[in-house]
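The values are calculated or read from the model by the stated rules, or taken from the named source; none is laboratory data. Computed from a prediction, not measured in an experiment: that's the story for all the values here. Cβ placement follows ideal geometry from the backbone for every residue including glycine, while neighbour counts extend to all protein chains displayed.
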Amino acid sequence: MKIKAVLFDFDGTVIDTMVYYAEIASKILKEECGLDKDFAKRLYLSTAGRDFPTQLKLMGISGEKANRAYKRFIEEKKLVLRKSEISRYAIELIEKLKAMGLVTAVSTNNECHLVRMVRGIERFDEVLCFDGREYRKGLPHLLTLLGKYRLKEEEVLFIGDSDYDIEIYSKLGIRSLKTKGIFDEDEVNKILKEIQRMDDGKEG
């Protein structure tokens with residue numbers, strides 16, 4: 001079945017933020033929770049892709065320490081995203097996909113009010129983000145996309161750079177492409193060729 005929508009990961013795929021987030025998180029985890037900074041950075045990166053409250057739970061951090069860490073992380077992340085923009089090659093790919101008649105969407109566990117600060121985010125047809133509670137990457141986002149655009153799972157392609165994200169959407173019956181990170185011209189061409197292969201029934 002032909003691809004009708006492409007769902008993008010956000011951090012590390014269409015926007016270059018992970019280095020900054022890891023630095024912010026490791027500093028906060030050291031100051032609020034007493035963790036060694038290098039160890040905290042590794043913990044953060046090993047749990048990346050999840051919303052920060054879930055990451056903290058996986059690190060064994062809860063209660064008031066977790067609340068303080070989360071509030072600080074949001075405030076510092078805001079400073080990063082205010083200065084950020086969707087990469088030029090991601091925008092090039094989005095526009096080419098739209099010209100092909102495909103729906104373009106982004107799925108992120110970044111908080112919605114922060115995502116809207118990013119320059120170029122309006123290029124996507126649909127922005128699916130974290131509401132601070134239960135609306136997050138995975139089934140909640142997918143159900144919105146399928147329902148609003150009357151799509152079937154097999155008509156959606158997910159593109160992301162982390163094994164965690166690929167696993168989430170693959171388990172939901174979504175075809176996935178793992179990228180090497182922030183897009184460049186070669187990556188854009190590779191993705192377009194792969195979509196053509198899928199449409200021709202030659203994936204693999």
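Some points to look at:
- Qualifying residue in the stretch 153-163 (condition: modelled with pLDDT of 95 or more, surrounded by fewer than 18 Cβ atoms within 10 Å (Cβ to Cβ) and of a type in the set (D, E, K, R)): yes
- Answer residue from the stretch 78-99, given it is loosely packed, with under 15 Cβ neighbours inside 10 Å and aliphatic (A, V, I, L, M) and is farthest from residue 154 (Cα to Cα) among those: 79
- Residue satisfying condition, being of a type in the set (A, V, I, L, M) and part of a loop (DSSP other than H, G, I, E, B), within set 48, 22: 48
- Leading residue by the ranking (modelled with the lowest pLDDT) among those in the stretch 120-134 that are surrounded by 14 or more Cβ atoms within 10 Å (Cβ to Cβ) and over 17 Å from residue 102 (Cβ atoms): 132
- Against the test of being assigned by TED's automatic domain parsing to the domain that holds residue 23 and either in contact with a Pro (Cβ under 7 Å, 6 or more places away or on another chain) or of a type outside the set (A, V, I, L, M, F, W, C) (or both), the options 78, 148, 98 yield a single qualifying residue, 78.
- Checked against (1) within 24 Å of residue 184 (Cα to Cα); (2) in contact with a strand residue (DSSP E or B) (Cβ under 9 Å, 6 or more places away or on another chain); (3) not basic (Lys, Arg), residue 80 passes all but a single condition, namely (2).
- Verdict on residue 1 being within 21 Å of residue 164 (Cβ to Cβ) and at pLDDT below 95: no
- Residue within the stretch 68-75 that is over 11 Å from residue 10 (Cβ atoms), modelled with pLDDT of 95 or more and not in a helix (DSSP H, G or I) present: no
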